[in-house]
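K.L.:
Before I ask anything, here is the structure I am working with.
The values are calculated or read from the model by the stated rules, or taken from the named source; none is laboratory data. A quick note: this is a predicted structure, and the numbers were derived from the prediction, not measured. Quick reminder, even Gly has a Cβ in these numbers, built from the backbone with ideal geometry, and neighbours come from all protein chains shown.
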Amino acid sequence: MGTKEKLLSLFEEQKGTYLSGEEIAERLSVSRTAVWKAVKSLRNEGYEIDAVPNKGYSLSVHTDILSAQGIQKYLNGACCDMELYVLPETGSTNTLLREKANAGAAEGCTIIAGAQTEGRGRMGRSFYSPADTGIYMSILLRPVELTPVQAVGLTTMAAVAACEAIEEVSGRQAQIKWVNDIFMDGKKVSGILTEAALGLESGSLDYVIVGIGINAYPPKEGFPQEIDRIAGAVFPKRQNDGKNHLAAAFLNRFMEYYSKKQNADYVEKYRERSLVIGKEIRVISSGGERKALALDVDKECHLLVRYEDGSTERLSSGEISIRF
């Protein structure tokens with residue numbers, strides 16, 4: 001870790017507190033000149049660092065830039081030893097993490113970006129990932145004795161963790177549109193994409209990547225016309241350290257559920273937050289669309305539906321709409 005990274009860790013831990021250049025140099029075991037250069041570099045990256053004679057430097061409490069140092073100060077439990085990479089921008093966090101997974105990265109390796117140029121959603125769709133307004137995250141898991149069918153539970157865990165993290169940080173209710181979209185006040189604020197790799201010889205899971213995108217704030221120019229009707233954001237306006245806090249809250253919740261994966265409490269929490277149970281929906285498949293009533297979500301997180309002809313089905317995957 002270089003001087004700039006060490007300084008940012010110190011500033012994040014002491015955000016809003018003034019530290020003299022001499023004190024910083026002593027704590028980091030570097031020269032005053034090195035401190036000044038690191039401060040200048042951080043300012044060039046957008047960090048608001050105040051400098052007051054006879055008081056020193058202070059990272060403004062209004063700073064809201066994603067960073068590993070800013071996230072780590074909120075992490076606890078199973079997250080403390082995670083390998084965490086935070087990038088200003090990447091093509092796709094899922095794609096980049098897949099490369100790391102194939103190269104032998106350990107479970108828990110996580111990539112977070114402030115923007116994606118090739119963000120991906122379900123069904124081959126693109127995922128709108130503009131700079132400075134969202135959190136785009138992928139987590140590498142290497143589950144033991146988990147079948148591909150059971151891997152859907154990881155998406156369920158992620159959906160519950162996202163709702164709980166959003167509610168913790170924003171104080172507003174979040175709900176789940178089966179199977180993997182998070183809604184607030186009728187608007188989609190988050191989507192989850194879980195991808196798995198199978199061992200060629202064993203046929204079992206080699207690894208799983210859980211990807212999640214969260215709209216923290218509305219884009220300054222607004223959402224694109226094609227998603228403006230449905231897209232929303234967790235916060236209506238900028239928050240002090242909002243993105244770092246939200247990212248860490250999700251990691252804390254998700255990894256806690258994952259470490260206790262034999263405990264199915266998250267399934268009941270998923271059901272409680274369902275946006276579709278009891279509502280009329282459209283089930284969308286390659287064969288067309290059918291109207292149905294969403295009856296329940298079972299313990300495997302299949303959606304039980306009843307069609308207009310009285311027949312029922314348990315959906316394990318696919319697409320539904322609650323808009324007519």
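K.L.:
Please pick out the residue among Glu26, Glu48 that is in contact with a His (Cβ under 8 Å, 6 or more places away or on another chain) and either at positive phi or not aromatic (Phe, Trp, Tyr) (or both).
P.N.:
Going through Glu26, Glu48 in turn, the sole match is Glu48.
K.L.:
Considering only residues that are in contact with an Asp or Glu (Cβ under 9 Å, 6 or more places away or on another chain), more than 17 Å from Asn244 (Cα to Cα) and not basic (Lys, Arg), look in region 129-145 and name the one that is surrounded by the fewest Cβ atoms within 10 Å (Cβ to Cβ).
P.N.:
Pro143
K.L.:
Taking into account only those residues within region 33-70 that are of a type in the set (Phe, Trp, Tyr) and touching a residue at least 24 places away in the same chain (Cβ under 8 Å), which is surrounded by the most Cβ atoms within 10 Å (Cβ to Cβ)?
P.N.:
By that ranking, first place goes to Tyr57.
K.L.:
Something else about it: Restricting the search to region 156-179, which residues are in contact (Cβ under 8 Å) with a residue 40 or more places away in the chain and surrounded by fewer than 22 Cβ atoms within 10 Å (Cβ to Cβ)?
P.N.:
If the condition is that a residue be in contact (Cβ under 8 Å) with a residue 40 or more places away in the chain and surrounded by fewer than 22 Cβ atoms within 10 Å (Cβ to Cβ), then Glu164, Glu168, Ser170, Arg172, Gln175, Lys177 are the ones that fit.
K.L.:
Looking only at residues that are among the charged types (D, E, K, R) and in contact with a helix residue (DSSP H, G or I) (Cβ under 6 Å, 6 or more places away or on another chain) in region 1-27, which one is surrounded by the most Cβ atoms within 10 Å (Cβ to Cβ)?
P.N.:
Glu12
K.L.:
Residues that are assigned to a helix (DSSP H, G or I) and at pLDDT below 90: does region 158-171 have at least one?
P.N.:
Looking through region 158-171, none of the residues is assigned to a helix (DSSP H, G or I) and at pLDDT below 90.
K.L.:
Output the residues belonging to region 14-60 that are within 35 Å of the chain's Cα centre (by Cα), of a type in the set (A, V, I, L, M) and outside any helix (DSSP H, G or I).
P.N.:
Across region 14-60, the qualifying residues are Leu19, Ile49, Ala51, Leu59.
K.L.:
Something else now. Here is a check on your reading of the model: is Val30 among the hydrophobic types (A, V, I, L, M, F, W, C), surrounded by 14 or more Cβ atoms within 10 Å (Cβ to Cβ), farther than 22 Å from Ala248 by Cα and touching a strand residue (DSSP E or B) at 6+ places or on another chain (Cβ under 7 Å)?
P.N.:
Criteria not met by Val30.
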